[in-house]
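A.B. asks: What follows is a single structure, and I will ask about it in a moment.
No value in this document is a laboratory result; all are computed from the given coordinates. Since this is a predicted model, take the numbers as computed values, not measurements. As a convention, Cβ positions derive from the backbone with ideal geometry for all residues, glycine included, and neighbour counts pool all protein chains shown.
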Amino acid sequence: MKYTTLPNTNIKVSKICLGTMTFGEQNSESEAHSQLDFAFERDVNFIDTAEMYPIAARKETLGLTEKYIGNWFKKSGKRDKIVLATKIAGPNRGMGYIREDLSFSKKNIIEAVDKSLVNLQTDYIDLYQMHWPERVMNMFGQRGICDIDLKWQDSIFDVLTTFDGLIKQGKIKHIGVSNENSWGVMRYLMESERHNLPKIVTIQNPYSLLNRLFEVGLSEISIRENVGLLAYSPLGFGFLSGKHLSGVNANSRIGLFPQFTRYTNENCHKATKLYLNLAHENGLTLTEMAIGFVNHQQFVTSTIIGATTLDQLEENINSELILLSETIINEINKIQELVPNPAP
């Protein structure tokens, strides 16, 4: 397993990060613990979760993912060997059952952190992230021009000040954003520099063969400002395994949750077929090529993989060893020109 460092820290993380949003919905607690054991045995030391998990989010299962991880920490005694990341849910997505007010107020952030600490059975979180912006903006597959959210009052200084206090208390070590755009990332960086407040070290955004929007704008910010990408959905909800090209499996994530349509449109089918052929022509599985492509990018700190079975997990972790030639990268870029970003 290759390791890198969370930007601007001394924390070493594996290039593969175990995503856990299936824990509590598609995976039982025993299955979750088996995945955690398997990943740890293969030198994965980085785990990502969120207070709203599992997905699909429901009041009845809220917090189960963090609780499963917390129980694993207690059982295994491996907390000090794991780099742990979790996230606070934001407003504008419903889910009033999490908190009546989902703004990033000081009260809400402290309440969310404290609840996650209890669920995770730990006294610190290595990386605490904002799951999506407080303001309304394009995210989760939304295309087109989004009206500027003029009702939103810029709270970034107050948010960073609250995180500064939590860092000084030892409850969190570092902070990051997720599902953010270039303007938001620069605002956080500007406020932290101007007021000597904690700097965001990562951005967790989608990045895959079906969604390369990070390359426009955010990649330059990532490299110049040293904010690493934690790339989520490198397989597009499993679509880039190729298993859905002949029909959606009813027990798959896309089959179980048909409301998630980001990766199921006609252009995703078209592009995935082309990528599948290219992978096979080069003696690779599509999974290997897809994850290998994400790992190839210099702005990627770690690639977040998720699975429902140990076989899937093994292939995903082993894909970290794949090195793509410049010839394959050039052919991938040709397909991107034909079918650009079908799953924004």
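A.B. asks: Taking the alpha-carbon set of the stretch 1-160, what are its Rg and Dmax in Å?
C.D. replies: 16.6, 49
A.B. asks: Let me ask another. How far is helix 266-281 tilted off the main Cα axis of the chain, in degrees rounded to 10, range 0 to 90?
C.D. replies: Helix 266-281 sits roughly 60 degrees off the main axis of the chain.
A.B. asks: By how many degrees, between 0 and 90 and to the nearest 10, does the Cα long axis of helix 156-169 differ from the longest principal axis of the chain?
C.D. replies: 80
A.B. asks: Let me ask something else. Calculate the FRET efficiency for N265 and W183 from the Cβ-Cβ distance with a Förster distance of 30 Å, rounded to the nearest 0.05.
C.D. replies: Details: r = 27 Å, r/R0 = 0.90.
Plugging the Cβ-Cβ distance into 1/(1 + (r/R0)^6) gives 0.65.
A.B. asks: Considering amide H positions built from the backbone, and no H for Pro or chain starts, which residues 5 or more places from Q129, or on another chain, come under 5 Å of its amide H?
C.D. replies: T86, K87, I88, G176
A.B. asks: Send over the semi-axes of the stretch 276-335's equivalent ellipsoid, whole angstrom and largest first, taken as the square roots of 5 times the C-alpha gyration tensor eigenvalues. Before the final figure, lay out each step's value.
C.D. replies: Values: eigenvalues 79, 43, 15 Å².
Three semi-axes, in Å: 20, 15, 9.
A.B. asks: A follow-up question, please. With r as the distance between the Cβ atoms of N330 and R42 and R0 = 35 Å, compute the FRET efficiency 1/(1 + (r/R0)^6) and round to 0.05. Display every interim value, and only then the final one.
C.D. replies: Details: r = 31 Å, r/R0 = 0.89.
Result of the calculation: an efficiency of 0.65.
A.B. asks: Still on this structure: When only C-alpha pairs under 8 Å and at least 6 residues apart count, what is the relative contact order of the stretch 118-198, in percent?
C.D. replies: Details: 80 pairs, mean separation 34.0, N = 81.
Over the stretch 118-198, the number comes to 42 percent.
A.B. asks: Right, next: Which of these, F293, F140, F163, has the largest mean-square fluctuation under a Gaussian network model of the chain (Cα springs below 10 Å)?
C.D. replies: F140
A.B. asks: Taking a threshold of 25 Å on the Cα-Cα distance, which of the pairs K78/K107; K87/K270; K115/K151; K12/K168; K15/K173; K87/K199 fall above it?
C.D. replies: On the way: K78/K107 31 Å; K87/K270 34 Å; K115/K151 29 Å; K12/K168 21 Å; K15/K173 20 Å; K87/K199 16 Å.
Violating the 25 Å limit, Cα to Cα: K78/K107; K87/K270; K115/K151.
A.B. asks: What does the charge count near T162 come to, summing +1 for each Lys or Arg and -1 for each Asp or Glu among other residues with Cβ under 12 Å from its Cβ? Please list the in-between numbers first.
C.D. replies: Details: positive: K106, K107, K168, K171; negative: E111, D158, D164.
Once positives and negatives cancel, what remains is +1.
A.B. asks: In addition: Round to a whole angstrom and tell me the spacing of the C-alpha centers of the stretch 237-290 and the stretch 68-108.
C.D. replies: Their Cα centres are 30 Å away from one another.
A.B. asks: Within the set of other residues whose C-beta is less than 12 Å from the C-beta of H244, count the net charge using Lys and Arg as +1 and Asp and Glu as -1. Numbers along the way, then the final one.
C.D. replies: On the way: positive: K243, R253, K273; negative: none.
Charge balance in the 12 Å sphere: +3.
A.B. asks: Could you size up the charge dipole of the chain around its Cα centre, putting +1 on the beta carbon of Lys and Arg and -1 on that of Asp and Glu, and report it in debye to the nearest 20? Mind showing how you got there, number by number?
C.D. replies: Numbers: 35 positive and 39 negative charges, 82 e Å.
Its charge dipole is roughly 400 debye.
A.B. asks: Okay, next question. Near the amide H of V83, under 5 Å away, which other amide H atoms are found, from residues 5 or more places off or on another chain, if H is placed in the peptide plane?
C.D. replies: Here F46, I47 satisfy the definition.
A.B. asks: If I model a spin label at C146 and D158 as a point 7 Å from the Cα along the Cα→Cβ vector, what separation in nanometres do I get?
C.D. replies: About 2.1 nm separates the two model spin labels.
A.B. asks: If you don't mind, another one. Taking the Cα atoms of the chain, what is the range of coordinates along each of the three principal axes, in descending order and whole Å?
C.D. replies: That works out to 54, 46, 37 Å along the principal axes.
A.B. asks: Oh, and also: Quick check: the angle from helix 182-195's long axis to the longest principal axis of the chain, C-alpha only, nearest 10 degrees?
C.D. replies: For helix 182-195, the angle is close to 30 degrees.
A.B. asks: Continuing with the same structure: For G63, what residues show an amide H to amide H distance below 5 Å, using hydrogens built from the backbone and excluding near sequence neighbours?
C.D. replies: Close amide H contacts, sequence-distant or interchain: Y53.
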